[in-house]
Amino acid sequence: MKKQENVQKNSRKRRVLPILVLIFTLFFTGRVYSVLAQEPEISDTAVILYLKEGGITQKQLSVSGLPKGAKLSWSSNDPSIVTVDKNGLIAAAGAGKTTVVCTVTLPDGSTKKLKTSVRVRDNICEITLALVGTSRVNALRKAVDYELSYTCRTVAGTNRNTSNVIYYEVLTPKGAVSVNASVTDGVFRASSCAPYIVRCYAFETENAMKKWLTDRQKYSGYVLASDSLNLTVTPENFRTETTILSDWQMELPPSYIVEEQDSGEGGTIIGISALNSEKLAAVSNIQIMVDKTGDTPDFEQLKRTMKLVYTKKMLQNSWKAVYHAGAATIKSFSLETTELGGKSVVRLVYEIDLKNIRLTFEEAADIEISRLSFRNAIYTWYDGDEHITVTVTDALENLQPNISDAAERLVESMCQAR
């Protein structure tokens, strides 16, 4: 009986042993095969770098799965965008997209190329919005296309947008999205007369913009930079009334009144105020000054003088002093010669933003205002032996008609009157 049991045990052993040998053989040969079949792999196939501040400017690439004796060499298809050293350290050099190539030379002399796509971003950190072709941002017409443009500064200090997404929206003065105006492909168009606020935002990618649109508060950090532009669409024609200004007979809108008129040895000074919708004097105004030249008028000298005197720095300092402002920034500064009413006129147009303003009064408490914006113009020309200057202060109020539009028509009629 025992003999029979031993025979059965030995029979089972003989059957199990080949199975175990087969399992171990398959296991070990499978591991050896997997090691032999392993291919070299690069650590990253796609990388995003940044110029200077704002993100990663360098990244170390490596290759795994190399057999003993393999050699590596690194190269960049465009070193002006990305550089790479002999150890695979890549560094941002300029905005754009290129490929870094690692050439693997195997022990048998064969080669294999591994590639990494690298995009270098230079994100916008400041942006300024402007209207193309007209300085009269508060005297636009409905159903007319107006091209918008922007200038920007990037983290690396350039003024070129290489990959960032720009988004526009049009708001009412109360901050609601306007249903009567829009911006399409950088072109503003309104279907009704009203004041509007156009805003532009810069985003790193379209995906970042889409997330911000779903929850602006949560993704507020996705906005790289933004700016706004106040535009007013006014009726094309408005009623005027004849007004006597010194020895001119001018046409002014009925809501514009001659506030003061003073003539003396130094010349004539005329102040014009506009009335707002509540029939109160608006901040916006027009000042006219006429003085005798005493010498033969020299228009070229007038232009040179304007360029020397009216600089951005001078204007910023003047506005800061008048409004006791903490900061003043000039935008859209333009000094040019134009023809109005048949006369050559030097025209200076600029925008100014004032921040942290303190208005002081002798018999009242000080008033603090966080921000005020103006769009202003200075017109100056010669008429015979008289030097005439018209200064327009436009507080971007909702006046009908807008004071910038009324002032330019006034200057044109003054040039034609004599």
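The values are calculated or read from the model by the stated rules, or taken from the named source; none is laboratory data. Keep in mind the model is a prediction, meaning the values are calculated, not measured. Every residue, glycine as well, gets a Cβ built from its backbone with ideal geometry; the counts of neighbours run over all protein chains shown. Just so you know, the surface numbers come from the protein's heavy atoms only, side chains and all, with ligands and any DNA or RNA stripped out. Shrake-Rupley method; radii C 1.70, N 1.55, O 1.52, S 1.80 Å.
What the table below lists for this structure:
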quantity	calculated
Single condition Val283 does not satisfy, out of (1) of a type outside the set (S, T, N, Q); (2) within 26 Å of Ser334 (Cα to Cα); (3) free of Cβ contacts under 8 Å to residues at least 60 places away in the same chain; (4) open to solvent by 60 Å² or more (accessible area, probe 1.4 Å)	(3)
Condition broken by Arg371, with the remaining ones in (1) on the phi > 0 side of the Ramachandran plot; (2) open to solvent by 70 Å² or more (accessible area, probe 1.4 Å) satisfied	(1)
Filtered residue count, the stretch 296-333, keeping only those that are without any contact (Cβ under 8 Å) to a residue 12 or more places away in the chain and in a helix (DSSP H, G or I)	12
Single condition Ile352 does not satisfy, out of (1) under 20 Å from Ser404 (Cβ atoms); (2) touching a residue at least 40 places away in the same chain (Cβ under 8 Å)	(2)
Filter result (part of a strand (DSSP E or B), open to solvent by 50 Å² or more (accessible area, probe 1.4 Å) and either among the hydrophobic types (A, V, I, L, M, F, W, C) or in contact with a Cys (Cβ under 9 Å, 6 or more places away or on another chain) (or both)) within the stretch 354-368	Ile367
Any hit, the stretch 160-169, residues being modelled with pLDDT of 95 or more, within 30 Å of Thr338 (Cα to Cα), among the aromatic types (Phe, Trp, Tyr) and part of a strand (DSSP E or B)	no
Matching entry among Lys113, Lys97, Lys86 (being open to solvent by 50 Å² or more (accessible area, probe 1.4 Å), part of a strand (DSSP E or B) and more than 21 Å from Ala202 (Cβ to Cβ))	Lys113
Which listed residue, of Ser228, Ser163, is out of contact with any Pro (no Cβ under 6 Å at 6 or more places or on another chain), within 24 Å of Thr57 (Cβ to Cβ), surrounded by fewer than 18 Cβ atoms within 10 Å (Cβ to Cβ) and in contact (Cβ under 8 Å) with a residue 60 or more places away in the chain	Ser163
Those residues of the stretch 138-159 which are part of a loop (DSSP other than H, G, I, E, B) and of a type outside the set (A, V, I, L, M), in sequence order	Asn138, Arg141, Lys142, Asp145, Gly157, Thr158, Asn159
Residue count, the stretch 379-418 (criterion: assigned to a strand (DSSP E or B) and within 14 Å of Ser284 (Cα to Cα))	5
